[in-house]
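What follows is a set of notes on a single structure, which appears directly below.
The values are calculated or read from the model by the stated rules, or taken from the named source; none is laboratory data. Everything numeric here is computed off the predicted structure, so don't read it as measured data. Positions of Cβ are generated from backbone atoms using ideal geometry, with glycine treated the same way; all protein chains shown enter the neighbour counts.
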Amino acid sequence: MENVIVVNNLTKKFGHFTAVDNISFEVKKGEIFGFLGANGAGKTTVIRMLCGLSRPSAGNATVAGFDIRHQSEKIKANIGYMSQKFSLYEDLKVWENIKLFAGIYGMKKKDIALKTDILLEELGFQDEKQTLVSALPLGWKQKLAFSVAIFHNPKVVFLDEPTGGVDPVVRRQFWELIYKTAEKGITVFVTTHYMDEAEYCDRVSIMVDGRIEALETPKALKEKFASNSIDDIFYQLARNAKRTDD
Amino acid sequence: MLGYLVEKEFKQIFRDKLLPKVILLFPFMTLILLPYAANFEVKNMRLAIVDQDNSSYSKELVGKLIANNSINLVANEHTYNAALGLIQNDKVDMVINIPKNFEKDFVVDKKSDILIAVNSVNGTKGTMGGMYALSIIRQYQDEKTTEITGVNDPPGVEIKTIYQFNRELDYKFFMVPALMVMVLTIVSGFLPAFNIVGEKEKGNMEQINVSPVTKPIFILSKLIPYWVIGMVIMTIGFIVARLFYGIVPQGSILTIYLFSFVFTLAVSGMGLILSNYANTYQQVVFMMFFFIMILILMSGLYTPFNSMPPWAQKIGAFSPLTYFIDVMRNVYLKGSKLTDLLPQLYKLLAFVLVINSWAVLSYRKKN
């Protein structure tokens with residue numbers, strides 16, 4: 001399998017503070033990659049660098065085959081992104097949000113219209129096409145935001161705590177969407193604080209104080225740490241952290 | 001890409017419950033209310049007369065004073081001190097004291113003293129009222145001198161002023177074109193700044209930043225709608241000026257549109273700079289108030305630029321409003337042509353260049 005994300009000795013310093021400390025890893029095509037870590041461990045900083053929003057202090061990385069230092073515009077055209085903060089336009093209707101973001105990614109008008117209807121049907125949102133996004137419940141908003149993030153068929157989608165504040169039923173539905181996405185060959189790079197979600201990932205990395213302390217499949221991780229819950233393993237690693245918060 | 005973004009901006013503006021109404025009402029209310037309220041014409045000077053002479057001359061003079069439209073006689077007092085008390089209690093604005101033997105002194109010595117005391121808490125009203133009274137008294141003096149001596153021998157030089165371009169000295173003619181500039185500044189300059197900071201606060205900006213939308217495209221998509229709205233507002237301004245005040249530009253309306261557009265480019269750049277430095281609504285609103293106050297007071301909107309002290313003119317020279325207000329007044333009142341206004345055009349273009357370069361540079365730094 002080809003690697004979609006390749007990270008080599010990536011470091012980010014803010015003054016004397018080393019937010020990300022010399023990390024390396026690879027993510028394969030179509031993989032669901034769980035990126036765990038306590039608050040302030042440096043997860044968001046890594047995602048910001050991989051999305052081309054922030055320049056690394058040292059080391060390098062490629063995303064979808066493009067260098068994060070010099071080809072950030074090309075990376076942006078090939079990724080999807082969904083943050084913990086809901087970021088669709090509340091004062092636009094459901095179809096208008098889809099059309100806007102699809103248009104931004106250069107999709108053709110005809111394709112957009114066609115694909116919009118298919119998507120809304122898949123999500124069971126047919127009746128909400130003309131609804132203002134502000135009127136949707138939070139769980140629906142998150143599902144919509146995710147669908148918009150992968151609407152243009154990116155190579156990788158970055159999900160930064162996508163299920164924060166969402167009820168368990170919607171979380172389950174959300175993960176079904178993630179599985180479908182991975183089946184289409186889209187790589188999913190996801191951060192979460194829910195350890196049950198970590199079990200759904202193909203591979204899990206745990207970040208502590210800017211370094212990656214573990215990177216295995218959930219199964220191998222449990223064997224290695226001789227524990228049957230990722231929750232436990234996370235706690236073992238994270239309690240050694242010197243940093244407490246962002 | 002730009003098309004989708006501009007479409008989105010227009011949808012958001014028109015979908016807003018308040019914004020479209022405010023955008024329409026703002027130029028209307030500003031142009032209809034302010035010229036009447038912010039008016040330096042002095043009307044209704046309340047006058048107290050202290051006529052200690054009670055002669056035919058003094059009565060004639062009082063008659064002349066009252067005949068002036070701006071002066072109302074509200075009190076006759078016997079002593080100067082009593083009249084002064086009225087000023088202190090804000091019952092009158094001006095006291096004219098005609099001394100005993102006024103007529104006698106005037107006829108015999110051809111001179112007499114009249115005292116004018118003016119309440120100058122309101123400086124403009126005081127100065128203007130005093131000048132009105134003085135000119136009436138002078139005129140009276142000349143008439144009387146001629147009458148007594150039988151020789152038409154007024155003072156050596158007679159000064160007559162003809163007011164060009166605004167013959168009635170109507171303050172509204174001075175204010176209306178300049179107020180349009182103020183409205184345009186606020187709508188085209190500061191609304192997009194609010195808009196951008198709003199997206200920052202809501203987190204939409206982050207989503208745009210990870211998309212292939214480039215910075216120039218994003219900025220353009222924010223500015224274009226407000227350029228269009230700015231031109232609509234100018235058009236409303238032309239219509240209101242004509243319907244309510246009968247003010248029509250003496251020069252070409254196309255010249256005004258051209259300058260409006262160049263000016264809009266400059267002020268929208270200023271708004272962008274503010275939005276780059278501000279992260280919250282609170283910050284950008286406060287910065288806007290700060291700049292609006294300075295720009296408006298320093299650009300000769302209410303007071304003629306040329307009568308400001310030199311240091312203030314130096315500050316005002318750094319405001320694009322100064323030049324556009326000047327252009328508006330010239331085109332509206334004097335009928336200046338584009339060729340007469342080239343210096344202002346070049347200065348405005350220089351502003352566009354400097355301000356927008358600064359805006360782009362400060363935008364890059366944030367990342």
Consider residue B:240 carefully, then state whether it is outside any helix (DSSP H, G or I) and either surrounded by fewer than 19 Cβ atoms within 10 Å (Cβ to Cβ) or assigned by TED's automatic domain parsing to the domain that holds residue B:9 (or both).
no
Residue that is nearest to residue A:28 (Cα to Cα) [pool: residues in region A:214-232 that are within 22 Å of the chain's Cα centre (by Cα), in a helix (DSSP H, G or I) and not β-branched (Val, Ile, Thr)]
A:218
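Condition check ((1) more than 15 Å from residue B:189 (Cβ to Cβ); (2) surrounded by 22 or more Cβ atoms within 10 Å (Cβ to Cβ)) across all residues:
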residue: B:293; (1), (2): no, no
residue: B:299; (1), (2): no, yes
residue: B:305; (1), (2): yes, no
residue: B:308; (1), (2): yes, no
residue: B:313; (1), (2): yes, no
residue: B:329; (1), (2): yes, yes
residue: B:334; (1), (2): yes, no
residue: B:349; (1), (2): yes, no
residue: B:359; (1), (2): no, no
For residue A:53, which of the numbered conditions (1) closer than 26 Å to residue A:142 by Cα; (2) surrounded by fewer than 20 Cβ atoms within 10 Å (Cβ to Cβ); (3) touching a Lys or Arg at 6+ places or on another chain (Cβ under 8 Å); (4) at the interface with another protein chain (Cβ under 9 Å from one of its Cβ atoms) fails to hold?
(3)
The helices (runs of 4 or more DSSP H) lying wholly within region B:1-104 that contain at least 3 residues that are away from every other protein chain (no Cβ under 14 Å) and over 30 Å from residue B:173 (Cα atoms) are B:56-67, B:80-88
Scanning region B:201-247 residue by residue, the ones that are within 14 Å of chain A (Cβ to nearest Cβ) and over 19 Å from residue B:15 (Cα atoms) total 17
Inside region B:336-351, can you point out the residues that are in contact (Cβ under 8 Å) with a residue 24 or more places away in the chain and closer than 17 Å to residue B:256 by Cβ?
B:336, B:337, B:338, B:341, B:344, B:345, B:347, B:348, B:349
Condition check: part of a helix (DSSP H, G or I), over 28 Å from the mean Cα position of the chain (by Cα), farther than 13 Å from residue B:53 by Cα and without any contact (Cβ under 8 Å) to a residue 40 or more places away in the chain. Does residue B:127 satisfy that?
no
I need the full set of residues from region A:66-105 which are without any contact (Cβ under 8 Å) to a residue 40 or more places away in the chain and assigned to a loop (DSSP other than H, G, I, E, B), in order please.
A:68, A:69, A:70, A:71, A:85
For region A:117-143, which positions are in a loop (DSSP other than H, G, I, E, B) and either in contact (Cβ under 8 Å) with a residue 24 or more places away in the chain or hydroxyl-bearing (Ser, Thr, Tyr) (or both)?
A:125, A:129, A:130, A:131, A:136
Looking only at region A:147-199, count every residue that is closer than 21 Å to residue A:87 by Cα and among the basic types (Lys, Arg) and tell me the total.
2
Would you say residue B:270 is more than 30 Å from residue A:69 (Cα to Cα), surrounded by 20 or more Cβ atoms within 10 Å (Cβ to Cβ) and at pLDDT 90 or above?
yes
Condition check for residue B:176: within 12 Å of chain A (Cβ to nearest Cβ) and out of contact with any strand residue (DSSP E or B) (no Cβ under 9 Å at 6 or more places or on another chain)
no
Those residues that are under 21 Å from the mean Cα position of the chain (by Cα) and among the polar types (S, T, N, Q), I need them from region B:310-359; list them, please.
B:313, B:319, B:322, B:330, B:336, B:344
Here the residues within region B:105-120 that are in contact (Cβ under 8 Å) with a residue 24 or more places away in the chain and touching an Asp or Glu at 6+ places or on another chain (Cβ under 9 Å) are B:118, B:119
Could you count how many residues in region A:5-41 are of a type in the set (Phe, Trp, Tyr) and under 18 Å from the mean Cα position of the chain (by Cα)?
3
